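I have placed the structure first, in the form of structure tokens, so that the comments after it can refer back to it.
The values are calculated or read from the model by the stated rules, or taken from the named source; none is laboratory data. Keep in mind that what you see is a predicted model, and the values were worked out from it rather than measured. Cβ: placed from backbone, ideal geometry, glycine included. Neighbour counts: every protein chain shown. Heavy atoms of the whole protein, side chains included, go into the accessibility calculation; ligands, DNA and RNA do not. Shrake-Rupley method; radii C 1.70, N 1.55, O 1.52, S 1.80 Å.
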Amino acid sequence: MANEQITENAPRATWTSKWTFVIAAAASAVGLGNFWRFPYLAAKFGGGTFLIMYAIFVFTVGISLLLLETSLGRNTGLSVVGAFARINKKSKWLGYLAAAVPFVIGPYYFVVGGWVCKYVAAYISTSPEILANGSNYFNAFQHSELSSYVWLGVFMGLTFLVVAFGVNGGIERGNMIMMPTLIVVAIAIAIYISVQPGSSEGIKYYFVPDWSVMSPELIINALSQTFYTLSLAMGIMVTYGSYLKRREPLTKSVCQIGGFSFGVSLIAGAIIVPAAFMAFGTAPTSAGPSLMFITLPQVFLSMGPVATSMGILFFVLVLFAALTSSISVVETCVSIFVDNFHMRRSKSIIILLIYMVLFAAFVNSGYNFLSTGRIFGMEFLDFFDFVTNSIMMPIVALATCIVVGWVVKPNLLIVEIELSGYFRFKTIWTIMIKYVCPILITLILISNVATALGD
Ligand code: PHE
């Protein structure tokens, strides 16, 4: 029965073509991780050195796990809880653990998405000097009570609106508008920056490897970045794989998805690193919110007359990246409800909306009326980011490799992959899933726990 595309639930939606799948998966993969973490890491770890390591990991470990998750989805025709239960009854717990990740990531990702929406609007209506006034503007907005909740609501509203229109009518159509726009705008900004006087030093810094910085820390960071920017270990790729028709070739698709995410990271770095050099004479020294909402407005201001247009374009770009990722999170949660509780899609969306509104409002209150609140000494948003990225996702990824590599055996998925053509790299893939990936993921997990305990 595992080869049936129709499960005991209603007939499953399917992507209209191979390309809509590749673009949807790439749209999920390309997100805030590519824009606010990658350029900083590349700048910190010797530019080209980090780029090369990240490329190696994306096209080995990354696409191997991507192939595992998407073929698991396609094989079972189910979202992550059902998928793991279907391949082995005893691994149902792993399905639940993986399913929990998008339920925790979603709420805090919405909060950040709200900030990005606000900055698009702010660049349209406010002068770039005000936005570049140190951390004042950002802090005031983040703690602004009503306004921060309104923008959170705007971002959530956009996400749910797209999901409400369904896999074909909403997600495919939304991605078809947002992804090409994102790529064109990103390339245009990168070209603009590269022809500005003074950018060559930053470009050199970004592209030329400095091997003296090679370290275990660099390797761990390049690996974690690979997981995050390919949306692995969150149940997302299993769900997106479950909407695939049997004849679509998987191996080529996962290479293309990896290529997209790598390419966007590369361009994001080629924008941010040289731009920071032009403004400050050094590489960016911050990541996350402070890079995006404090440092970059200063960089844009230094560009003089183009500051406003640069700000609008850049934040629209980031908004599209964030939106297409948050859409994939919500879709994953919806499909978990539909598959496991046999709920109608519309009902699942409403229940999920209530859950996400409450949880996201709680996370946002960490900057407002609960601003003194801490969980294990961390601000709410940082805590949920830490628990998912540093703990839950590595555990899910490790357990997935063990269950597929050692318990059910990779052959189950090799047969699935070969339904759409001969799989030339099956031996290498098996070695990756059984040995290489679990060892590397264990290293990430140990390092994350050690860092957390050391803080
Ligand atoms: N790849 C996404 C990113 O870089 C990770 C992610 C996906 C996060 C979906 C949240 C939701 O932002």
> Hey, does segment 234-256 have a residue that's within 13 Å of the ligand (Cβ to nearest atom) and more than 26 Å from Asn340 (Cβ to Cβ)?
Replying inline: no
> List, please: which pairs have Cβ atoms under 6 Å, are six or more places apart or on different chains, and start with a residue in segment 13-30 that is touching a residue at least 40 places away in the same chain (Cβ under 8 Å) and under 14 Å from Met237 (Cα atoms) and end with one that is open to solvent by 30 Å² or more (accessible area, probe 1.4 Å) and within 14 Å of the ligand (Cβ to nearest atom)?
Replying inline: Ala26/Phe260
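Restricting to segment 199-233, give me the number of residues that are within 16 Å of the ligand (Cβ to nearest atom) and part of a loop (DSSP other than H, G, I, E, B). Walk me through how you get there before you give the answer.
First pass over segment 199-233, keeping only residues within 16 Å of the ligand (Cβ to nearest atom): 221-233.
When the remaining residues are screened for being part of a loop (DSSP other than H, G, I, E, B), the result is 229-233.
Counting residues in segment 199-233 that are within 16 Å of the ligand (Cβ to nearest atom) and part of a loop (DSSP other than H, G, I, E, B) gives 5.
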> Restricting the search to segment 240-254, which residues are surrounded by fewer than 16 Cβ atoms within 10 Å (Cβ to Cβ) and either of a type in the set (D, E, K, R) or in a helix (DSSP H, G or I) (or both)?
Replying inline: Lys245, Arg246, Arg247, Lys252
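How many residues does segment 88-101 contain that are assigned to a helix (DSSP H, G or I), away from the ligand (no atom under 16 Å from the Cβ) and open to solvent by 30 Å² or more (accessible area, probe 1.4 Å)?
Adding up the residues that qualify gives 6.
One line per residue, one yes/no per condition, for (1) out of contact with any His (no Cβ under 8 Å at 6 or more places or on another chain); (2) of a type in the set (A, V, I, L, M); (3) within 16 Å of the ligand (Cβ to nearest atom):
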site: Gly258; (1), (2), (3): yes, no, yes
site: Ile267; (1), (2), (3): yes, yes, yes
site: Pro274; (1), (2), (3): yes, no, no
site: Thr282; (1), (2), (3): yes, no, no
site: Pro289; (1), (2), (3): yes, no, yes
site: Thr295; (1), (2), (3): yes, no, no
site: Leu301; (1), (2), (3): yes, yes, no
site: Gly304; (1), (2), (3): yes, no, no
> Can you name every residue in segment 114-130 that is among the aliphatic types (A, V, I, L, M) and more than 15 Å from Val316 (Cβ to Cβ)?
Replying inline: Ile130
> Which one is nearest to Ala279 (Cα to Cα), of the residues in segment 187-198 that are part of a helix (DSSP H, G or I) and in contact with a helix residue (DSSP H, G or I) (Cβ under 6 Å, 6 or more places away or on another chain)?
Replying inline: Ile193
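For every residue, the table says whether it meets (1) open to solvent by 10 Å² or more (accessible area, probe 1.4 Å); (2) modelled with pLDDT of 90 or more.
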site: Met1; (1), (2): yes, no
site: Ala10; (1), (2): yes, no
site: Ala13; (1), (2): yes, yes
site: Lys18; (1), (2): yes, yes
site: Val22; (1), (2): no, yes
site: Ala25; (1), (2): no, yes
site: Gly47; (1), (2): no, no
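Answer with yes or no whether Phe38 is surrounded by 24 or more Cβ atoms within 10 Å (Cβ to Cβ) and within 16 Å of the ligand (Cβ to nearest atom).
On the way: surrounded by 24 or more Cβ atoms within 10 Å (Cβ to Cβ): yes; within 16 Å of the ligand (Cβ to nearest atom): yes.
Here the answer is yes, as Phe38 does meet what is asked.
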> If you take the residues of segment 412-454 that are free of Cβ contacts under 8 Å to residues at least 60 places away in the same chain, closer than 19 Å to Ser71 by Cα and in contact with a helix residue (DSSP H, G or I) (Cβ under 6 Å, 6 or more places away or on another chain), which of them is most open to solvent (accessible area, probe 1.4 Å)?
Replying inline: Lys426
> Can you spot a residue in segment 14-30 that is of a type in the set (S, T, N, Q), under 30 Å from Ala275 (Cα atoms), in contact with a helix residue (DSSP H, G or I) (Cβ under 8 Å, 6 or more places away or on another chain) and within 16 Å of the ligand (Cβ to nearest atom)?
Replying inline: yes
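Among the candidates Val195, Val111, Val104, Val154, single out the residue that is crowded, with 22+ Cβ neighbours inside 10 Å and either within 28 Å of Ile271 (Cα to Cα) or not small (Gly, Ala, Ser) (or both). If you could, list the steps in order and put the result at the bottom.
Working: Val195 fails: crowded, with 22+ Cβ neighbours inside 10 Å; Val104 fails: crowded, with 22+ Cβ neighbours inside 10 Å; Val154 fails: crowded, with 22+ Cβ neighbours inside 10 Å.
Answer to the selection: Val111.
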> In the list Ala275, Ala283, which residue meets the criterion of being in a loop (DSSP other than H, G, I, E, B), touching a Phe, Trp or Tyr at 6+ places or on another chain (Cβ under 9 Å) and hydrophobic (A, V, I, L, M, F, W, C)?
Replying inline: Ala283
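Select from segment 220-238 the residues that are among the β-branched types (Val, Ile, Thr) and either touching a Gly at 6+ places or on another chain (Cβ under 9 Å) or surrounded by fewer than 24 Cβ atoms within 10 Å (Cβ to Cβ) (or both) and list them in ascending order. Outline the logic, then answer.
Our first condition is that a residue be among the β-branched types (Val, Ile, Thr); within segment 220-238, this holds for 220, 226, 229, 236, 238.
Within segment 220-238, Ile220, Thr226, Thr229, Val238 meet the criteria.
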>> I want to confirm something. Restricting to segment 312-337 and keeping residues that are over 30 Å from Val81 (Cα atoms) and surrounded by 24 or more Cβ atoms within 10 Å (Cβ to Cβ), which single residue is nearest to the ligand (Cβ to nearest atom)?
In response: Val318
> So Ala360 clears everything in (1) of a type in the set (Gly, Ala, Ser); (2) at pLDDT 90 or above; (3) surrounded by fewer than 20 Cβ atoms within 10 Å (Cβ to Cβ) except one condition, right? Which one?
Replying inline: (3)
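Identify, from the list Val154, Val150, the residue that is over 20 Å from Leu317 (Cα atoms), at pLDDT 95 or above and away from the ligand (no atom under 16 Å from the Cβ).
Working: Val154 fails: over 20 Å from Leu317 (Cα atoms).
Val150 is the lone residue from the list that is over 20 Å from Leu317 (Cα atoms), at pLDDT 95 or above and away from the ligand (no atom under 16 Å from the Cβ).
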> Ser309 fails exactly one of the following numbered conditions: (1) within 16 Å of the ligand (Cβ to nearest atom); (2) open to solvent by 50 Å² or more (accessible area, probe 1.4 Å); (3) polar (S, T, N, Q). What is the number of that condition?
Replying inline: (1)
